[in-house]
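Q: What follows is a structure written as structure tokens; I'll ask about it next.
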Amino acid sequence: MRRQLIVLGLAVFALLVFASISATLAAPRKMPAADTEPENDDIGGADALTVGSYADGAIDPPEDLDHYLVDTEVEREYRASLAIWDNDNNLKLKMVLKYGDPPHDYVQESTASASGATMSWTAYQTSYYIIVQAATVSTTTAQYRLSVNRVSATQTPTPENRWDAYEPNNSLGTPSDVSVGGTLGNLNFWPYGATTEEEANAMDADVDVLRVWCKPGHTCRAETSVTNGVDTLIKLYADSATNPGESRIEENDDFGGTLGSQVTWESSGGGYYKIWIENRDGSPRQSTGQTYNLTLTDLVATPTPTSGPTSTPKPGPTSIPGIDSFEPNYDFAIASTIATGVTYSANFIPWGGGHEDNDYYKIWIKPGLHFVCETLDLAPGVDTNMIVYDGNENAIGGNDDVELGDYRSRFAYFSTYEGWLYILVGHGGRLPASELKNSSYKVRCEMQVPGEPTATSTPEPDRTPQPTTPAATPTPSGSPIATPVPPEGLTVRALTTPTPVPATTPAPSRFIPISLLVYYDAKDDHQPGAGEGIAGISAQAYEVATNQLLAQGFTDEQGNLEFTVSAQGPVRVSVPFFGFSQLVAGEGASIYLRIPPQPLTGGAP
């Protein structure tokens, strides 16, 4: 559908032009109040979006879809960023990527979010469609800004190009534009242009400067998670055309007991902010493999006071002092980034004074690695529950108690994708509000590469005091020393020293993949068929020797559940709802649990 042209009078036209120029000068990046392109609801009406630019729009569910056509170069990598604002009801939006050439097949989609998301792909065609749509059925609207940028063909450093995809951005005058609502992975401090470590160390230390838009009236957060050899320092600057780089707002070195950093700020009028990141670990100053991730999050909007008649406020919950340093992290959108191999301290004191606190954490995972997350050092009365989700916020599984009588929680996961793994830790409402002030616990995630032995600690020597051998009584000088004589009838003979029994080396742990299918055999053909899978069935895997719970999960909509456990011996798979148990003693197993068809009531077959 094309717009109808309206002929305006000269005076009206001049007035509109003047108003447009004035508005542009006053607020060049003002966000639209409504969808500016209502005709792009299908592929045929898709709007052209140039790489390196952006488009503003709004989604009005349930029928509204916004289509954009992006021209690309083959074998180049691209990143689409979606920033969402004016979203008081937390409507979640997502991006869907399709091929530009017919039949416009589905390629991938981003995570659904109420604040923003990113999506990257390598182009194999000369054009692609990006579709912005609501992830849930709703009657609310949300406005957004969609931008597309080209990045390097690979994020992995090479001898010729070891710097990250956002270089050169080593000064406040040359920042790289990024969006709130995602994570930038594999950033590093390799100087732009250096091809060897000798060249890199001869150059000035690299810093990364990124520019981000924080919505009016919102609170934004920038947070780094680091690898060995990286100790980040973040400085936050206001991006002002009249005073660039001089208005430092905040800075942070170490946060949450790690060498990562975090800054949080309020954007009263909205605008761009510059994030300066430097590495404080200087030995060696530049080295391959020293990377970090940067997570940019839009937190809860800052309340704006409004004028009007004053009313008596309704009584509400009172905040309890002592909230942990991760708050607020009560939802997927504001989950706290944690690193593997680090123990973090937290508690269930609620953000904002509510009566129940949920703590969301996330770690960055890659395929083929084994992760184990657990809670530790529970305060008296604390009984944790852990649920683990994939990057699309789908539940993978969970664990309540490690074993009978042990209220800690532990979950093991063999990763099959690259992205975020979310860990939700809660107390399930089992902790009364009066006890929240003493609700501390610790959380830790470990990562292991398959085939590598699990690190074991060397036991400390026994510190139990040993009895002291009494000193021999000195014999007076000149006194003969009597030779002991065996009693009559007692024979003394030398014995051979027995050969010591060699210590038994524990069998190495191995990774055991297990797949389970639970189905209702409606056709009675002893084969799983379409639509016969049973969802939501809980299953657990235990190590037989110790009865330790290794993994727990629930079947999906097709009745499937897969997990990989690390064990030294046989594993027992249990499905309590059906009283089913099976031993897995080999290298893995595929288990089909058939539920036979039941006769109808009244004796009918």
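The values are calculated or read from the model by the stated rules, or taken from the named source; none is laboratory data. This one's a predicted model, so the numbers in the text were calculated from it and none came from an experiment. As a convention, Cβ positions derive from the backbone with ideal geometry for all residues, glycine included, and neighbour counts pool all protein chains shown.
For every residue, the table says whether it meets (1) more than 23 Å from the chain's Cα centre (by Cα); (2) more than 19 Å from LEU49 (Cα to Cα); (3) assigned by TED's automatic domain parsing to the domain that holds ILE43; (4) not polar (S, T, N, Q).
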residue	(1), (2), (3), (4)
VAL74	yes, no, yes, yes
TYR78	no, no, yes, yes
SER81	no, no, yes, no
LEU97	no, no, yes, yes
ALA114	no, yes, yes, yes
TRP121	no, no, yes, yes
GLN125	yes, no, yes, no
ALA134	no, yes, yes, yes
GLN143	yes, no, yes, no
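Q: What's the total number of residues in region 87-101 that are modelled with pLDDT under 80 and either surrounded by fewer than 18 Cβ atoms within 10 Å (Cβ to Cβ) or among the aliphatic types (A, V, I, L, M) (or both)?
A: Count: 3.
Q: Working carefully through the options ASP357, ASP377, ASP390, ASP383, find the one that is over 20 Å from the mean Cα position of the chain (by Cα), charged (D, E, K, R), surrounded by 16 or more Cβ atoms within 10 Å (Cβ to Cβ) and not assigned by TED's automatic domain parsing to the domain that holds SER113.
A: Only one candidate passes the filter, namely ASP383.
Q: For ALA301, all conditions in the list (1) modelled with pLDDT of 85 or more; (2) in contact with a Ser or Thr (Cβ under 8 Å, 6 or more places away or on another chain) hold save one; what is the number of the exception?
A: ALA301 satisfies every listed condition except (1).
Q: Here's another thing I want to ask about it. Kindly provide the set of residues from region 234-249 that are over 24 Å from GLY181 (Cβ atoms) and modelled with pLDDT of 80 or more, ordered by number.
A: ARG248
Q: Inspect all residues belonging to region 269-284 and state whether any of them is touching a helix residue (DSSP H, G or I) at 6+ places or on another chain (Cβ under 9 Å), of a type outside the set (A, V, I, L, M) and either in the same structural domain as PRO191 (by TED's automatic domain parsing) or modelled with pLDDT of 50 or more (or both).
A: Yes - at least one qualifying residue is present in region 269-284.
Q: Please enumerate the residues belonging to region 385-428 that are in contact with a His (Cβ under 8 Å, 6 or more places away or on another chain), within 17 Å of GLN540 (Cβ to Cβ) and at pLDDT 80 or above.
A: Going residue by residue through region 385-428, those that are in contact with a His (Cβ under 8 Å, 6 or more places away or on another chain) are 385, 412-415.
Add one more test, that the residue is within 17 Å of GLN540 (Cβ to Cβ), and what stays is 385, 412-414.
Of everything in region 385-428, those that are in contact with a His (Cβ under 8 Å, 6 or more places away or on another chain), within 17 Å of GLN540 (Cβ to Cβ) and at pLDDT 80 or above turn out to be ASN385, ALA412, TYR413.
Q: Looking at region 521-550, I want the residues that are under 17 Å from ASP400 (Cα atoms) and in contact (Cβ under 8 Å) with a residue 60 or more places away in the chain and have a partner that is in a loop (DSSP other than H, G, I, E, B) and not hydroxyl-bearing (Ser, Thr, Tyr) with Cβ atoms under 7 Å, at least 6 apart or on another chain. Which pairs are those?
A: From region 521-550, the pairs are LEU549/VAL402.
Q: Considering only region 528-543, state which residues are in contact with a helix residue (DSSP H, G or I) (Cβ under 8 Å, 6 or more places away or on another chain) and surrounded by fewer than 18 Cβ atoms within 10 Å (Cβ to Cβ).
A: Answer for region 528-543, where residues must be in contact with a helix residue (DSSP H, G or I) (Cβ under 8 Å, 6 or more places away or on another chain) and surrounded by fewer than 18 Cβ atoms within 10 Å (Cβ to Cβ): just SER538.
Q: Over 19 Å from SER566 (Cα atoms), touching a residue at least 24 places away in the same chain (Cβ under 8 Å) and among the hydrophobic types (A, V, I, L, M, F, W, C) - does that describe any residue in region 401-409?
A: Within region 401-409, none of the residues are over 19 Å from SER566 (Cα atoms), touching a residue at least 24 places away in the same chain (Cβ under 8 Å) and among the hydrophobic types (A, V, I, L, M, F, W, C).
Q: Also, I was wondering about something else. Go through region 105-131 residue by residue and tally those that are within 16 Å of ALA46 (Cβ to Cβ), exposed (fewer than 14 other Cβ atoms within 10 Å of the Cβ) and not charged (D, E, K, R).
A: Total satisfying the criteria: 3.
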